[in-house]
Amino acid sequence: MSAELIDGKAVAAEIDARAGEVGASLAKAMGRAPCLAVVLIGEDPASQVYVRNKVRRTEAAGLRSIEIRRPANASQADVIDEVRKLNDDAGVDGILVQLPLPDHIDANAVIEAIDPSKDVDGLTEASAGRLVLGKTGLRPCTPEGCVYLAKKTLGDLTGKSVVVIGRSILVGKPAALLFLEQNATVTIAHSRTHDLPALARTADILVPAVGRPLMVKGDWVKPGACVLDVGINRIDAPERGEGKTRLVGDADFDAIIGHAGSITPVPGGIGPMTIAMLLRNTVRAAALRCGQPLPEGF
Ligand code: GUN
């Protein structure tokens, strides 16, 4: 048996297109397209690539984007000031501060400065609290992408056992809560978990999200399980030539493909879904802010 390949790139393209359609109809009511502001501090190469992709996909969908860039030595007060200006800008619907921030800046303080109604990353205390309480709100994008692909692949998730490996604020914790909202039975595993391979083998849906290349081996995966690989790790690939690298997930794809039921590739799995969910959140935020209804199922 060979696992079904879950094509996150294709699903993300459908969501981008739908966000563009809904955004265009909102634009008629608002007099402008929904607008995402992305804040990038410093010159971290990976962050620059992520931000470029976010801006490119936003504009390709027909939405507006604003990019705010400041040097790595920008002060925390300056960054918070930029966020406050975006809060006050009636032409901005969503604000995303790209993480990580330089060490001298307290990321929590910057995130807390974001108006929760524009918190398209779902990272403020208000957004996180609403998720815990089961209230409507903007949800973190990567975990939303995981749940979206799981539902698309497996249908109803009621009663499925989900093991999330990793307890980060950005992915692990919110992913667990979002799967719980779908009536799944959820376990969060982490670096102190005993016998992680045995626990992972109990999962109908396994979500590695720790940033450790190829950590999840073939015998960690129950036959037929769905593996949603959140990891994006660059490793040396001498087999491709001297100095070459390649991207791999937290799961050892080649070892798992033979007996999983379905698996997301890296790249082309969860990664593109994160941006699709960001566009959807931007359009949702715009609709809420201008009091417009959203179409059923968006
Ligand atoms: N850096 C890596 N992933 C993310 C994300 O989802 N949001 C933000 N703001 N920064 C990130």
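The values are calculated or read from the model by the stated rules, or taken from the named source; none is laboratory data. Since we're looking at a predicted model, the values are computed, not measured. When we count neighbours, we look across all protein chains shown, and the Cβ atoms used for this are built from the backbone with ideal geometry, even at glycine.
Within the range 121-150, take every residue that is in a helix (DSSP H, G or I) and touching a strand residue (DSSP E or B) at 6+ places or on another chain (Cβ under 7 Å) and give me the one that is surrounded by the most Cβ atoms within 10 Å (Cβ to Cβ). So, considering only residues that are in a helix (DSSP H, G or I) and touching a strand residue (DSSP E or B) at 6+ places or on another chain (Cβ under 7 Å), the one surrounded by the most Cβ atoms within 10 Å (Cβ to Cβ) is Cys146. Note on the range 121-147: residues that are without any contact (Cβ under 8 Å) to a residue 40 or more places away in the chain, among the aliphatic types (A, V, I, L, M) and either within 19 Å of Gly8 (Cβ to Cβ) or near the ligand (Cβ under 10 Å from one of its atoms) (or both) total 1. Taking the range 231-244 as the range and being more than 16 Å from the ligand (Cβ to nearest atom) and within 24 Å of the chain's Cα centre (by Cα) as the test, only Ile235 passes. Among the residues of the range 185-195, is there at least one that is of a type in the set (Asp, Glu) and either under 27 Å from Leu133 (Cα atoms) or within 20 Å of the chain's Cα centre (by Cα) (or both)? For the range 185-195, residues of a type in the set (Asp, Glu) and either under 27 Å from Leu133 (Cα atoms) or within 20 Å of the chain's Cα centre (by Cα) (or both): absent. The residue that is nearest to the ligand (Cβ to nearest atom), among those in the range 254-275 that are in a helix (DSSP H, G or I) and either out of contact with any Ser or Thr (no Cβ under 9 Å at 6 or more places or on another chain) or of a type in the set (S, T, N, Q) (or both), is Thr274.
Per the listing Gly134, Gly172, the residue uniquely under 25 Å from Pro213 (Cα atoms) and either modelled with pLDDT of 95 or more or acidic (Asp, Glu) (or both) is Gly172. The residues of the range 188-217 that are surrounded by fewer than 14 Cβ atoms within 10 Å (Cβ to Cβ) and not polar (S, T, N, Q), listed by number, are His190, Arg192, His194, Asp195, Pro197, Ala198, Lys217. Would you please name the residue that is farthest from the ligand (Cβ to nearest atom), looking only at residues in the range 148-176 that are closer than 21 Å to Tyr50 by Cα and among the aliphatic types (A, V, I, L, M)? The selected residue is Leu149. So which residues in the range 4-21 are among the aliphatic types (A, V, I, L, M) and crowded, with 18+ Cβ neighbours inside 10 Å, if there are any at all? Selection gives Ile6, Val11, Ala12, Ile15, Ala19.
Residue count for the range 193-208 under the criterion of being out of contact with any Ser or Thr (no Cβ under 9 Å at 6 or more places or on another chain), under 23 Å from Leu149 (Cβ atoms) and among the small types (Gly, Ala, Ser): the result is 1. Restricted to strands (runs of 3 or more DSSP E) entirely inside the range 26-120, no element has at least 3 residues that are surrounded by fewer than 17 Cβ atoms within 10 Å (Cβ to Cβ), on the phi > 0 side of the Ramachandran plot and within 12 Å of the ligand (Cβ to nearest atom). From the list Leu247, Leu180, the one residue that fits, being modelled with pLDDT of 95 or more, surrounded by fewer than 17 Cβ atoms within 10 Å (Cβ to Cβ) and assigned to a helix (DSSP H, G or I), is Leu180. Would the range 35-53 turn up any residue that is of a type outside the set (A, V, I, L, M, F, W, C), farther than 27 Å from His104 by Cβ and touching a residue at least 12 places away in the same chain (Cβ under 8 Å)? Within the range 35-53, none of the residues are of a type outside the set (A, V, I, L, M, F, W, C), farther than 27 Å from His104 by Cβ and touching a residue at least 12 places away in the same chain (Cβ under 8 Å).
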